[in-house]
Amino acid sequence: MNVETEVEDKNMWAVGWSAFAAITLVLVGAGALIEGVVALVDDEFYVVGEEWVFEFDLTTWGWIHIILGVALVASGIGVLFANVVARTVGVIVAALAMISNFAWMPYYPLWSITLIAISVAVIWALTVHGRDIAKRSGW
């Protein structure tokens, strides 16, 4: 295996991780939109078992998730088109999604933990491999 082939393989892995981040941003954003709509439509769907520090009305949580969801979907689409601003916004919004899911944990703990872990993977992919998608994607 020559050096050129090794570089090509590494670039393809980087593009794969960047595409993973973009698609995951869109999917997590869609999930946040659904969470937000459910919180707005049906206040009784989410049940809180304990008292927590971050207690907001479910309508407030609904709007927080809807706004984050729209930002996540938009940045994911932008990352697919190799937009640098979208990559930066994606990192920021994924970090905000981590914080909001931590605070959302009393309402939906397993899903919140899952989204926090996915957000970490997205931030890693966008910061480590984000610029490689612009070089290789052709979009």
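Can you say whether Val3 is modelled with pLDDT of 90 or more, over 22 Å from Trp124 (Cβ atoms) and open to solvent by 60 Å² or more (accessible area, probe 1.4 Å), as far as the supplied structure shows? When the stated conditions are applied, Val3 does not pass them.
Checking each residue of region 74-85 against the condition of being small (Gly, Ala, Ser), more than 16 Å from Phe20 (Cα to Cα) and at pLDDT below 90 gives no match. Selection over region 101-122 of residues that are open to solvent by 10 Å² or more (accessible area, probe 1.4 Å) and among the hydroxyl-bearing types (Ser, Thr, Tyr) gives a count of 3. Might you let me know whether region 23-31 holds any residue that is surrounded by 11 or more Cβ atoms within 10 Å (Cβ to Cβ), modelled with pLDDT of 75 or more, among the polar types (S, T, N, Q) and on the phi < 0 side of the Ramachandran plot? Yes. Summed over region 91-112, residues that are farther than 24 Å from Val79 by Cα, part of a helix (DSSP H, G or I) and not small (Gly, Ala, Ser) total 5. Among the residues of region 63-92, the ones that are within 15 Å of Glu35 (Cβ to Cβ) and crowded, with 21+ Cβ neighbours inside 10 Å come to 4 in all.
The values are calculated or read from the model by the stated rules, or taken from the named source; none is laboratory data. Keep in mind that what you see is a predicted model, and the values were worked out from it rather than measured. With ideal geometry, Cβ positions are generated from the backbone for all residues, glycine too; neighbour counts draw on all protein chains shown. For accessibility, only protein heavy atoms count, side chains too; no ligands or nucleic acids. Shrake-Rupley method; radii C 1.70, N 1.55, O 1.52, S 1.80 Å.
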